[in-house]
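Some notes on the structure that comes next.
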Amino acid sequence: MSSIALITGANRGLGFAAARALATAGHTVIIAGRDESRARDAAAQLTAAGLAAEWLVLDVTSLPGVQHAAEQVRDRHGRLDILINNAGILPEATAAGQHEFADPAAFQQTVQTNLTGPAWVIEAFLPLLRNSPAGRVVNVSTTMGSLADQQDPQSPYYPMVLPAYQSSKAALNSLTIALAKKLAGTPVKVTSVCPGFVQTDLTPANREQAPLTAEQAARVVVEAATLPPDAPTGTFTGHDGAIPW
């Protein structure tokens, strides 16, 4: 019986690369995205290659939409083995207009997608994860959300000031810790991961400035999604190992 993996924002970039890698490894992947046609097309690319893939309309900023998506997965499979909260945005990198510190509209939009959305998705899908013999939750974060790195002058991320994005990811890391504590003693493991600087649409300006392809970056996501039973939970990891909170 193959594991069922759902990935938000999976019709392109890092999410699609992770979906392809998991499907290639024998998992059934659910390509979840806001746009039905894009999610359908992405799933079709995988099924055309002989891989097990489905599509699902899921807008993480719509609570009724999230709840309906969970009902659909329940009706299809009765369980969920892997949940990857991948959907994320960085509008303040290109926000126009005047603001002193944090563009209000960009801040609200960022928190809604990067933090509230994953919280809603976890809440809706947790009953299905509890039905799995080895549930895994992966929250795609960033080292830019590390409070330690933000204060470390030696960190390459130290000069970056993106208050909406960085605080949303720091809060997502806190969500990881809280969920791991909530699920202590269960088979479900929760991990925050930093995929690194990736060549995706999230990269402002020229995406080629990023050193990692989506396929390379997806490796750390897949590793967290397939942790062995004796692995720790509630951790923050990247390609080089543990990342300080």
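Within the stretch 147-183, which residues are farther than 22 Å from LEU90 by Cα, assigned to a loop (DSSP other than H, G, I, E, B) and open to solvent by 70 Å² or more (accessible area, probe 1.4 Å)?
Once the filter is applied, which keeps residues that are farther than 22 Å from LEU90 by Cα, assigned to a loop (DSSP other than H, G, I, E, B) and open to solvent by 70 Å² or more (accessible area, probe 1.4 Å), the stretch 147-183 yields PRO153, GLN154.
Entry remark, the stretch 5-32: residues being within 18 Å of HIS77 (Cα to Cα) and surrounded by 24 or more Cβ atoms within 10 Å (Cβ to Cβ) number 10 in total. Checking each residue in the stretch 83-115 for being at pLDDT 90 or above and open to solvent by 80 Å² or more (accessible area, probe 1.4 Å) picks out PHE101, PRO104, GLN108, GLN109. In the stretch 51-71, the residues that are at pLDDT 95 or above and open to solvent by 40 Å² or more (accessible area, probe 1.4 Å) form Cβ pairs under 8 Å with partners that are in a loop (DSSP other than H, G, I, E, B) and of a type in the set (Ser, Thr, Tyr), at six or more places apart or across chains, as follows: ALA52/SER2.
Residue check: is ASP35 more than 19 Å from the chain's Cα centre (by Cα), surrounded by fewer than 20 Cβ atoms within 10 Å (Cβ to Cβ) and either of a type in the set (Phe, Trp, Tyr) or modelled with pLDDT of 95 or more (or both)? Criteria not met by ASP35. The criterion of being under 16 Å from the mean Cα position of the chain (by Cα) and at pLDDT below 95 holds for VAL198. Per the conditions (1) in a helix (DSSP H, G or I); (2) in contact with a helix residue (DSSP H, G or I) (Cβ under 6 Å, 6 or more places away or on another chain), the sole criterion not satisfied by LEU126 is (2).
The values are calculated or read from the model by the stated rules, or taken from the named source; none is laboratory data. Treat the numbers as computed from the prediction; the structure is a model and nothing was measured. Virtual Cβ from ideal backbone geometry, glycine too; neighbours counted across all protein chains shown. These area figures cover heavy atoms from the full protein model, side chains too; ligands, DNA and RNA do not enter into them. Shrake-Rupley method; radii C 1.70, N 1.55, O 1.52, S 1.80 Å.
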